[in-house]
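Quick note: the coordinates plus some simple rules give every number you see, no bench work behind them. On a predicted model such as this, the values are computed, not experimentally measured, just so you know. A quick note on method: Cβ atoms are made from the backbone with ideal geometry, for glycine too, and the neighbour counts reach across all protein chains shown.
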Amino acid sequence: MHFHGQILKMTTQNGKPIQYFLNLSNDLISMNQLIGRKIKIKHVGYQCVNCGRDEKIFRMGFCKKCFFESPYASDTIIRPELSTAHLGIEERDLEVEKEIQLQPHVVYLAYTGDVKVGVTRESQIPTRWIDQGATFALPIARTQNRYEAGMIEVALKEHLPDKTNWRKMLEDDFEDELDLADFREKVAQYFPEGFKNFYSEQGEIMKFDYPYEKPEKISAFTLDKNPEFEAVLNGIKGQYLSFDGGNFMNVRNHEGYVIELEV
């Protein structure tokens, strides 16, 4: 089989195990069915996820120009506490920012090798947790907009990490139940004044089952440094493809790359 197209992050279906589909110019390729088979990937160009031009990807699938101009790559995507749409203040495009920011958000705890705090739109659950490679996840607050969730996260990340350590996530083989509810009770005291009413004890701990077994060694590669790659697909966790020899490719970090894929 031969495929050609622009990489977007893998689409997922929560199951036992999670089902992964590589989004290649809107062709959805079932990656679970390719586990155990040799895959050849060749990087042949770029296609910015915003403007579509063959310009080198700068970050998050955007060329440099779009990264600094598109509302879908604004600072509030990474730092929700900077959101201003609830005040009617535009950063790059107020209508787009209202669409993203003025909807229910969730502050959560997730175990990705460490217990971390994060923010996501409620509509992105459980996709956000699967993309991070979380073994367990638990909502701890529900807010009406992105700013409120961001302010809670800022306070909590003084006590918990807010970034996923990709190596720890891929090395982790935690099987026992982790009591995130106990963590939730402990961090309740750190909610900032004026935001304590968003704290919620509703919501169950979710556990995720990945088609993945930890290899002996872990090494990540990029298509910039390794534009042609051929290996057996061993498993998938988060947005990482695990190949034989302990080599990993982060699909999300390659959004906007155009590839040829042979199976």
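Some observations on this one:
- In terms of surrounding Cβ atoms within a 10 Å radius of their Cβ, SER30, SER242, SER70 rank from fewest to most as SER30, SER70, SER242.
- Longest DSSP-loop-exposure-free segment, trypsin sites (Lys or Arg not before Pro), the chain, at most 10 other Cβ within 10 Å: 38-216
- Its Cα centre serving as origin, the range 104-207 has a Cβ charge dipole (Lys and Arg +1, Asp and Glu -1) of approximately 500 debye.
- Cβ-derived FRET efficiency at R0 51 Å, ARG167 paired with VAL96, nearest 0.05: 0.90
- Cα-Cα separations in the chain greater than 35 Å, expressed as whole percent: 19 percent
- Alpha carbon centroid spacing (whole Å) that separates the range 178-193 from the range 104-155: 13 Å
- Calculated mean residue ellipticity at 222 nm for the chain: -4500 deg cm²/dmol, from DSSP H runs with n ≥ 4 weighted as -39500 (n - 2.57), summed, divided by the residue count and rounded to 500.
- Within a Gaussian network of the chain (alpha carbon springs, distance under 10 Å), most fluctuating of GLU193, GLU201, GLU122: GLU193
- Subtracting the Cα-Cα distance of VAL263 and THR127 from their residue separation scaled by 0.36 nm leaves 46.3 nm.
- Magnitude of the charge dipole, the chain, Cβ model with Lys/Arg +1 and Asp/Glu -1, debye to 20: 560 debye
- For the chain, modelled as a GNM whose springs connect Cα atoms under 10 angstrom apart, the maximal fluctuation among ALA73, ALA110, ALA137 occurs at ALA73.
- Estimated FRET transfer efficiency (ASP244, ILE205; beta-carbon r; R0 30 Å; 0.05): 0.35
- Counted charge near ARG252, where neighbours are those whose Cβ lies closer than 9 Å (Asp, Glu -1; Lys, Arg +1): -1
- Dipole of the range 104-207 computed with +1 at Lys/Arg Cβ and -1 at Asp/Glu Cβ about the Cα centre; of TYR111, LEU170, ASN197, farthest Cα towards the positive end is ASN197.
- Annotation for GLN33 and PHE221: the two label points, set 7 Å from Cα along the Cα-Cβ direction, are 2.6 nm apart.
- All distinct Cα pairs of the range 118-199 go into the 1/r average, and the inverse of that average, the Kirkwood radius, is 13.9 Å.
- Were the residues from ILE78 through ASP114 laid out at 0.36 nm apart, the gain over their Cα-Cα distance would be 11.0 nm.
- Among the listed pairs LYS16/LYS237; LYS116/LYS186; LYS56/LYS217, those beyond 23 Å (Cα-Cα): LYS56/LYS217
- Distant-in-sequence amide H partners of GLY238 (H built 1.01 Å from N, under 5 Å): GLY133
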